[in-house]
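What follows is calculated from the coordinates using simple rules that are stated; it is not laboratory data. This one's a predicted model, so the numbers in the text were calculated from it and none came from an experiment. Every residue, glycine as well, gets a Cβ built from its backbone with ideal geometry; the counts of neighbours run over all protein chains shown.
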Amino acid sequence: MNQVNYQKELDQIIGSFSAACGEKPPVLFLHSCCAPCSSYVLEYLAPYFAITVFYYNPNISADAEYRHRVSEQKRLIDIYNAEKKGHFISVVEGDYRPEDFYETVKEYKDCPEGGERCFRCYELRLRRTAEEAKLRSADYFGTTLTISPLKNAQKLNEIGERLEKEYGGIRWLYSDFKKKGGYQRSIELSKEYGLYRQDYCGCSYSKAEREMQKRNSAAGQEPVS
Ligand code: SF4
């Protein structure tokens, strides 16, 4: 099956309204996984959209890590608003109920990162984003997750497209933010603003996988994934 270039789809969406100067910007309800990933995405999208960042990540283990990531997200948004990087950016924090994550992935917990466990985790977060976007009458909903080389952009866009049809009245913002050097730019911005960059995705399984990789590399073995 041919892979779709979702960056091109995003360019087309932006191109369809960016020429209309003076009009109110469309409202984007944007799921964000963390401050570093959102750094490039917000820099890129804030000139075109009125963005509300939705910090909804019940997958994160544990509470202290979750709090740290939220506070870095809010700090970055304050900086961007002070620097007037584009339209004003708001932030909404979703429920932090790790039990919802564990219930969602319980049958897939032993899958390696990048497999079915992650697809369920994507859908949990995107579904909640779509629900909230609809309640708030946003024009679009989307996610920062496609910036990561470790995330499956094809799958994320397929889920978003399906939720758009299911919920109706809100449009999925296609993306593949790692294209056009987005991932590299997020590293530069994270350095510039001194953002905390975690070394594992978020859940206890990814943390254990990462720790095993570190032990293996210390012992001179190949990483496991
Ligand atoms: S590795 Fe990341 S995407 Fe996959 S299940 Fe864990 S938190 Fe979710």
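Structural remarks
- Prolate/oblate/rounded call for the stretch 94-164, Cα gyration tensor, a/c under 1.5 rounded: oblate
- Sites L150 and Q3, calculated FRET efficiency, Cβ-Cβ separation with R0 25 Å, nearest 0.05: 0.90
- Per-residue Karplus couplings for the stretch 102-108, computed as 6.51 cos²θ - 1.76 cosθ + 1.60 with θ equal to phi - 60°, are listed in order as 4, 5, 5, 9, 3, 7, 10 Hz, Gly and Pro entered as x.
- Just so you know, the Rg over Rh for the stretch 1-146 is 0.99, from Cα atoms, with Rh as the Kirkwood radius.
- With the cut-off at under 17 Å, measuring from each backbone N in the stretch 197-221 to a point 7 Å along the Cα-to-Cβ line of D110 picks out 205-206, 208-209.
- Once the Cα atoms are used to define both axes, helix 153-167 deviates from the longest principal axis of the chain by about 50 degrees.
- For the chain, the longest principal axis of the alpha carbon atoms and the long axis of helix 35-45 meet at an angle near 20°.
- With 0.36 nm allotted per residue and the present C-alpha distance subtracted, the E211-Y196 stretch has 3.6 nm of extension available.
- Residues whose placed amide H lies under 5 Å from that of Y56, excluding near-sequence neighbours: S32, G94
- Residue of R128, R215, R120 that the Gaussian network model of the chain assigns the largest fluctuation, springs spanning Cα pairs under 10 Å: R215
- Distance between modelled label sites at R136 and S71, nm, 7 Å Cα→Cβ extension: 2.3
- Under 5 Å, built H, 5+ apart or other chain: amide partners of T143: H31
- With K and R counted +1 and D and E -1, the other residues having a Cβ less than 10 Å from that of G114 yield a net charge of +1.
- Estimated at 0.36 nm per residue, the fully extended path between A218 and E99 surpasses their Cα-Cα distance by 39.5 nm.
- Given +1 at the Cβ of Lys and Arg, -1 at the Cβ of Asp and Glu and no other charges, the dipole of the stretch 115-194 around its Cα centre is 140 debye to the nearest 20.
- Subtracting the Cα-Cα distance of N81 and F17 from 0.36 nm times their residue separation leaves 20.8 nm of extension gain.
- Counting charges near I79 (Lys, Arg +1; Asp, Glu -1) among other residues having Cβ under 12 Å from its Cβ returns a value of -1.
- Helix 116-135 and the longest principal axis of the Cα set of the chain meet at an angle near 30°.
- The chain: calculated mean residue ellipticity at 222 nm from DSSP helix runs of at least 4, using -39500 (n - 2.57): -16000 deg cm²/dmol
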